[in-house]
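I have placed the structure first, in the form of structure tokens, so that the comments after it can refer back to it.
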Amino acid sequence: MGQRSVPLPPLLLPVLVLWQLAGAQDEGACAPPERLQYAELNEPFREMQNFPVGTQISFSCRPGYMRAPGMSLTRTCGADLQWSPTTVFCTERKCTYPGDLENGYFDPGDLTFGSKLTFSCNEGYRLRGNQEITCVIKNEGVGWSGTLPYCEKIPCAPPPQIANGVYEERASYVYQSSVTYRCQDVPRGSDPFSLIGPDTIFCTSDANSNGVWSGPPPQCRVVKCKNPSVKNGRKISGFGHSYTYKDSVVFECDQGYFMVGAEIITCEENNTWVPPEPTCEKITADVCPAPKIPNGVLIPAKAAYGKGESVQIRCSPGCSFPDGSAEVTVTCQEQSSWGALQPCACESEGSGSTPVISYGRVTAGQKPSYSVGDFISIECYTGYSLHGEPRIQYVGNNQWEPAVPSCQLSGYIIAIICVIVVVVVLLAAFWIYKKFFSQNGSGAAWVSCGQMCSDLHWEPALRLNTCCGSSTSLG
């Protein structure tokens with residue numbers, strides 16, 4: 001029997017044909033050139049599939065690109081069946097500089113085709129317009145996709161009005177501008193309004209660059225605290241018959257008593273004293289009042305300690321006991337005694353001077369110079385009320401905490417002064433009337449005017465008031 005030929009699989013024949021064609025192509029032609037981002041192949045080369053050795057093809061720069069100086073727009077199929085040269089012959093076009101952004105900024109480092117500029121505003125300003133623009137193809141060239149934005153100062157809405165209070169209104173309110181409130185005046189004899197809260201608010205911004213006020217406005221309310229008193233104790237500062245917002249009083253206990261609570265209390269917005277009024281408890285043989293150590297704190301801190309009970313005294317930072325230690329422990333002994341207590345000495349941070357208190361004086365603690373931790377107590381002269389804390393502490397660099405208080409005229413003194421001024425004005429008006437407008441006063445004026453007419457040699461046939469502007473004759 002003769003040999004029979006084996007048929008080829010159906011898909012193998014096309015593969016062999018393509019392989020033979022590719023081999024023929026590799027032997028004498030270049031493959032089509034790769035697609036370039038910056039240039040496109042000219043006609044008639046776009047439709048060609050085989051490029052014999054030596055074939056020269058040409059390109060055109062795509063929109064947004066231009067021919068690089070000195071570079072050829074052609075490539076040639078070489079004997080190695082590779083295209084040459086392979087250098088880039090088109091470069092990106094550049095958009096013109098868009099201009100400076102007033103009160104803002106952007107990075108202008110790259111202005112070539114396809115680049116983007118992102119804009120931002122300085123603090124206190126917000127962007128109006130395009131946040132970003134791109135260098136795109138325009139009119140056979142390149143240009144920006146949008147216009148330059150601008151930065152406007154962040155505005156705030158008018159501040160809120162408050163009952164019984166006012167502020168100076170303006171045409172507009174912008175970032176960092178401030179508004180200061182004050183309470184309205186009240187009729188004589190009425191209780192004055194007190195400003196509760198910070199008197200000034202500021203225009204600031206939120207995360208979305210919208211203008212917002214720094215906080216809620218203050219309130220104007222009548223604040224009155226009752227006259228405080230402490231049994232077995234007395235006031236040493238803050239004397240008065242009436243007390244309003246932020247007025248303070250300092251107490252001390254009588255001999256043989258110790259204080260439970262705070263020695264300084266302040267009239268607060270809810271018409272109460274904060275902290276509450278202290279009490280003065282009697283010292284007994286088995287009780288020791290808390291030791292008073294300037295520039296030191298007690299651990300645990302209590303108003304009094306029982307006999308045999310110990311307490312740790314710790315000096316403030318920068319202070320120490322004479323032996324150099326920063327803390328000691330003492331024990332309540334018999335007869336309410338702590339034994340010998342040592343003071344906490346502090347390093348000098350510059351000696352301070354007594355603050356100037358207009359219409360007031362220092363009642364306790366005054367000395368030629370002060371060290372850190374020293375206290376002084378202040379009160380106002382009669383007719384003036386204290387605004388601020390009556391007891392302040394020296395903290396160095398001639399600074400006091402809380403701030404040095406001020407003394408201002410009491411309301412009833414201002415009322416008396418107003419009454420005196422009104423009386424003086426009325427008396428002056430009455431005297432002027434008697435001098436120049438009463439019957440006797442008028443005669444004196446006539447004589448004077450007549451003398452003036454005589455000096456001017458006016459005709460006596462005319463009335464005296466002729467020289468004063470009238471033409472009536474004597475008759």
What is the set of long-range amide H partners of Gly146 at a cut-off below 5 Å, with H atoms built 1.01 Å from backbone N?
Thr134
Which of the trypsin sites (Lys or Arg not before Pro) found in segment 129-178 are loop residues per DSSP with 15 or fewer other Cβ atoms within 10 Å of their Cβ?
Arg170
Can you work out the base-10 log of I(q)/I(0) for segment 99-149 at q = 0.13, 0.18, 0.23, 0.28 1/Å, using the Debye formula on its C-alpha atoms alone?
-0.31, -0.57, -0.84, -1.11
Once the piece of chain linking Tyr97 and Arg46 is laid out straight, how much longer is it, given 0.36 nm per residue of separation minus the C-alpha distance between them?
14.6 nm
Cβ-derived FRET efficiency at R0 35 Å, Glu132 paired with Gln161, nearest 0.05:
0.30
Nearest 0.05, what FRET efficiency do Lys302 and Asn270 give at R0 = 41 Å with Cβ-Cβ as r?
0.90
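Per residue and in Å³, how big is the convex hull formed by the alpha-carbon atoms of segment 155-221?
73 Å³
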Express in nm, to one decimal, how much length is gained between Ser353 and Ser369 on full extension, taking 0.36 nm for each residue of separation and deducting their alpha carbon distance.
5.2 nm
Starting at the first residue of segment 142-156, write each ³J(HN,Hα) from the Karplus equation 6.51 cos²θ - 1.76 cosθ + 1.60 with θ = phi - 60°, in whole Hz, x for Gly and Pro.
10, x, 7, 6, x, 8, 5, x, 9, 10, 9, 5, 5, x, 10
Which links in Lys235/Lys282; Lys224/Lys246; Lys246/Lys282; Lys94/Lys138; Lys226/Lys282; Lys231/Lys307 stretch past 20 Å when you go from one Cα to the other?
Lys246/Lys282; Lys226/Lys282; Lys231/Lys307
I'd like the FRET efficiency for Phe239 and Glu169, computed as 1/(1 + (r/R0)^6) with the beta carbon distance as r and R0 of 45 Å, rounded to 0.05.
0.65
Against the empirical 2.2 N^0.38 Å scaling, what ratio does the C-alpha Rg of segment 307-363 come to?
1.65
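Grab the eigenvalues of the alpha-carbon gyration tensor for segment 236-393, scale each by 5, take roots, and send me the semi-axes largest first in whole angstrom.
On the way: eigenvalues 180, 101, 33 Å².
One finds semi-axes of 30, 23, 13 Å for segment 236-393.
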Taking the Cα of Ala415, stepping 7 Å toward and past its beta carbon, and measuring to each backbone N in segment 205-230: which are under 16 Å?
223-224
Does segment 229-304 come out rounded, prolate or oblate, given a ≥ b ≥ c as the square roots of the eigenvalues of its C-alpha gyration tensor, rounded meaning a/c under 1.5 and, failing that, prolate meaning a/b above b/c?
prolate
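Please give the peptides 389-401, 221-233 ranked by average Cβ packing (other Cβ atoms within 10 Å per residue), highest first, as a rough proxy for protection.
Working: 389-401: 18.1, 221-233: 15.6.
Going by the mean number of other Cβ atoms within 10 Å, highest first, we get 389-401, 221-233.
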Just grab the label-to-label distance for Gln176 and Lys434, each label 7 Å out from Cα along the Cβ direction, in nm (one decimal).
6.3 nm
Using a 10 Å cut-off around each Cβ, can you sort Ser190, Ser385 from fewest to most neighbouring Cβ atoms?
Ser190, Ser385
Taking amide H atoms as placed 1.01 Å from N in the peptide plane, list the residues 5 or more away in sequence, or in a different chain, whose amide H sits under 5 Å from that of Cys30.
Phe51, Val53
Would you please report the Å³ per residue occupied by the convex hull of the alpha carbon atoms in segment 125-199?
98 Å³
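Each value in this text was obtained by applying a stated rule to the coordinates, not by laboratory testing. None of the values given here were measured: they were computed from a predicted structure. A quick note on method: Cβ atoms are made from the backbone with ideal geometry, for glycine too, and the neighbour counts reach across all protein chains shown.
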